[in-house]
Amino acid sequence: RKEVEQDPGPFNVPEGATVAFNCTYSNSASQSFFWYRQDCRKEPKLLMSVYSSGNEDGRFTAQLNRASQYISLLIRDSKLSDSATYLCVVNSMGGGGADGLTFGKGTHLIIQP
Amino acid sequence: GAVVSQHPSWVICKSGTSVKIECRSLDFQATTMFWYRQFPKQSLMLMATSNEGSKATYEQGVEKDKFLINHASLTLSTLTVTSAHPEDSSFYICSARARGRASSSSYFGPGTRLTVT
């Protein structure tokens, strides 16, 4: 089983719609969780951290379910500029690489006008 | 916010040659830098951890003699791909972390796209 799994998509969504993607992780000892955004041929950029209590940043809402080892990202009122690949990243003490981070392959989102 | 630069951003080289990629932290001292590789439609994979003033730590399966890492100062780490082959063509990304900071405080460089012909 892969350590961090995501549906690669692509998700084709009309502008203004709400879209959600999910991510599952295999290491139950994982301690922190993030969503990164990666544009084509660019470096990943931190979008938001994910907490058990859930957190919201403008149109973006992230949630963590530790029991199910599941992370979600919801984007409301999607904009054309939201088109990108969204990476689920998990920090596991003693797991992942030396930086503790394990990256998912990403979910490709395309917002259509 | 913190800025990390990489140079070059894009390089094409012939098979058998060596390529050096620089990673610089521009406004903070990076005691640790990480080097990643990303193949198309794949996740970022950590190659090695570079600590200032000491030898790099390589992940399993990464050849230390092929991917030479030098972290000579608190603001610069270099990755040299020696005797590059077409299968080394990839997107190489560094990230830099300041002393004592959590992993979420790592800042990524813009990446270097290497094509070996």
In this structure, is A:Ala62 away from chain B (no Cβ under 14 Å) and hydrophobic (A, V, I, L, M, F, W, C)? no
Looking at the stretch A:20-41 only, could you name the residues that are among the hydrophobic types (A, V, I, L, M, F, W, C) and closer than 22 Å to A:Arg66 by Cα? A:Ala20, A:Phe21, A:Cys23, A:Ala29, A:Phe33, A:Phe34, A:Trp35
Here is a check on your reading of the model: is B:Ser54 more than 10 Å from every other protein chain (Cβ to nearest Cβ), under 25 Å from A:Val89 (Cα atoms) and without any contact (Cβ under 8 Å) to a residue 60 or more places away in the chain? no
Would the stretch B:85-100 turn up any residue that is loosely packed, with under 15 Cβ neighbours inside 10 Å, within 14 Å of another protein chain (Cβ to nearest Cβ) and among the hydrophobic types (A, V, I, L, M, F, W, C)? no
Tally the residues that are surrounded by 17 or more Cβ atoms within 10 Å (Cβ to Cβ) and acidic (Asp, Glu), restricting the search to the stretch B:60-73. 0
Is the stretch A:50-61 home to any residue that is at pLDDT below 95, within 24 Å of B:Ala30 (Cα to Cα) and buried (at least 17 other Cβ atoms within 10 Å of the Cβ)? no
Kindly indicate whether any position in the stretch A:3-12 is surrounded by fewer than 17 Cβ atoms within 10 Å (Cβ to Cβ), over 15 Å from B:Ser43 (Cα atoms), out of contact with any His (no Cβ under 9 Å at 6 or more places or on another chain) and more than 14 Å from chain B (Cβ to nearest Cβ). yes
I need the full set of residues from the stretch A:61-78 which are in contact (Cβ under 8 Å) with a residue 24 or more places away in the chain and under 23 Å from A:Pro113 (Cα atoms), in order please. A:Leu73, A:Leu74, A:Ile75, A:Arg76, A:Asp77, A:Ser78
Yes/no for A:Gly16 being among the small types (Gly, Ala, Ser), surrounded by fewer than 14 Cβ atoms within 10 Å (Cβ to Cβ), at pLDDT 95 or above and farther than 17 Å from A:Leu101 by Cβ: yes
So which strands (runs of 3 or more DSSP E) stay within the stretch A:19-113 end to end and still have 1 or more residues that are aliphatic (A, V, I, L, M) and over 23 Å from B:Ser106 (Cβ atoms)? A:19-25, A:70-75, A:107-112
Are any residues in the stretch B:5-39 among the charged types (D, E, K, R) and surrounded by fewer than 13 Cβ atoms within 10 Å (Cβ to Cβ), and if so, which ones? B:Lys14, B:Asp27
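The values are calculated or read from the model by the stated rules, or taken from the named source; none is laboratory data. A quick note: this is a predicted structure, and the numbers were derived from the prediction, not measured. Cβ coordinates were reconstructed from backbone atoms using ideal geometry, including for glycine residues, and neighbour counts include every protein chain displayed.
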